[in-house]
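No value in this document is a laboratory result; all are computed from the given coordinates. Remember, predicted model here, so these are calculated numbers, not experimental data. Cβ sites come from the backbone with ideal geometry, for glycine too, and all protein chains shown count toward neighbours.
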Ligand SMILES: Nc1ncnc2c1ncn2[C@@H]1O[C@H](COP(=O)(O)OP(=O)(O)O)[C@@H](O)[C@H]1O
Ligand SMILES: [Mg+2]
């Protein structure tokens with residue numbers, strides 16, 4: 001999708017997130033882990049920005065900071081033009097959180113095992129006092145159908161489903177409040193390659209249908225390549241390179257990007273291009 005003329009939905013200006021390192025009997029602060037160390041970019045409505053980098057480079061921390069699950073140590077975060085870097089928890093809940101949702105790597109860990117899909121998916125409606133009981137149940141069935149699950153599954157529990165199905169449930173849950181921006185943190189990393197392609201295709205269809213903006217985090221370049229319009233490469237808390245994906249893969253500027261590209265195992269490249277070709 002071309003997002004060139006669209007409004008900017010998210011902008012980061014030199015965002016840093018440090019975690020204190022403490023040591024000794026008095027737990028004195030002896031230094032910082034610079035998990036995110038000066039990241040700037042902007043994201044247009046309808047766009048998919050991929051963020052890649054090896055484990056520990058700060059991708060998840062960046063994702064959590066930009067939606068204010070963490071407070072940035074420094075820098076500014078704008079959501080639809082509003083500076084949210086210092087908003088109070090209450091303000092965030094009222095004005096921002098509904099509009100930004102997260103999808104996680106391990107949907108099972110984020111789905112309450114004692115609740116049926118119905119109560120998991122409609123929970124945000126309760127929190128925000130939206131719709132009548134009956135409307136809520138209808139919405140749940142619509143959402144299940146929309147992510148490729150049978151509406152009758154609403155009365156089942158998370159453990160009854162496969163990894164790919166659970167990720168579909170996680171996605172349905174993220175869509176409940178009709179958000180504009182979705183931060184997906186390694187959403188397919190725990191899935192088999194064939195299932196990865198299905199979930200990515202679903203995410204692409206949903207993006208089209210609901211005009212979603214995605215920030216798609218993965219340690220796997222071949223996964224990010226398929227879904228992204230632009231790709232940012234992170235290394236030690238910094239964004240080393242951020243460009244159009246064709247540019248990045250055909251002509252990587254930064255030596256670290258080159259190293260990352262050349263370390264994608266050949267079989268994986270083949271697997272994924274086959275999966276994509278047949279989708
Ligand atoms: N809550 C935390 N407290 C202290 N250090 C953290 C915390 N979360 C992440 N880190 C550290 O920040 C760095 C970046 O971690 P993370 O954002 O999880 O990377 P990635 O998602 O790219 O694997 C790592 O060194 C990690 O150990
Ligand atoms: Mg991570």
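When you have a sec, figure out the Kirkwood radius of the stretch 117-249 from all distinct Cα pair distances and drop it here in Å to one decimal? Let's see the in-between values first.
On the way: mean 1/r = 0.0622 Å⁻¹.
Kirkwood radius, the stretch 117-249: 16.1 Å.
Summary value for the chain: 24 percent relative contact order, contacts being C-alpha pairs under 8 angstrom separated by 6+ residues. DSSP beta bridges in the chain, what fraction antiparallel, as a percent rounded to 5? Looking only at bridges with both residues in the chain, the antiparallel portion is about 60 percent. Looking at the stretch 33-140, the pairs of alpha carbons with a distance over 15 Å make up 72% of the total. Based solely on its DSSP helices, what 222 nm [θ] is calculated for the chain when runs of n ≥ 4 H residues each add -39,500 (n - 2.57) and the sum is averaged over all residues, nearest 500 deg cm²/dmol? About -11500 deg cm²/dmol. Is the stretch 76-122 rounded, prolate or oblate when judged by the Cα gyration tensor, a ≥ b ≥ c being the square roots of its eigenvalues, rounded requiring a/c under 1.5 and prolate requiring a/b larger than b/c? The shape class here is prolate.
Using only the Cα atoms of the stretch 151-194, what semi-axes does the equivalent ellipsoid have when each is the square root of 5 times a gyration tensor eigenvalue? Give whole Å, largest first. Working shown, then result.
Working: eigenvalues 69, 60, 9 Å².
That gives 19, 17, 7 Å for the three semi-axes.
Gain in length, residue 54 to residue 127, computed as 0.36 nm per residue apart minus the alpha-carbon separation, to one decimal in nm? Show your work: numbers first, answer last.
Working: separation 73, 0.36 × 73 = 26.28 nm, distance 3.62 nm.
In short, 22.7 nm is gained.
A Förster radius of 41 Å, combined with the Cβ-Cβ distance separating residue 142 from residue 106, puts the computed FRET efficiency at roughly 0.95. Overall size of the stretch 90-186 from C-alpha positions, given as principal axis extents largest first: 37, 34, 23 Å. With coordinates expressed along the principal axes, the C-alpha atoms belonging to the chain extend over 53, 50, 46 Å, beginning with the largest.
I need to check one value: relative contact order of the stretch 1-121, counting alpha carbon pairs closer than 8 Å and at least 6 residues apart, in percent. Don't skip to the answer; put the middle values down first.
Numbers: 164 pairs, mean separation 32.1, N = 121.
That works out to 27 percent.
Rounded to whole Å, the principal axis extents of the Cα atoms in the stretch 193-266 read 37, 26, 23, largest first.
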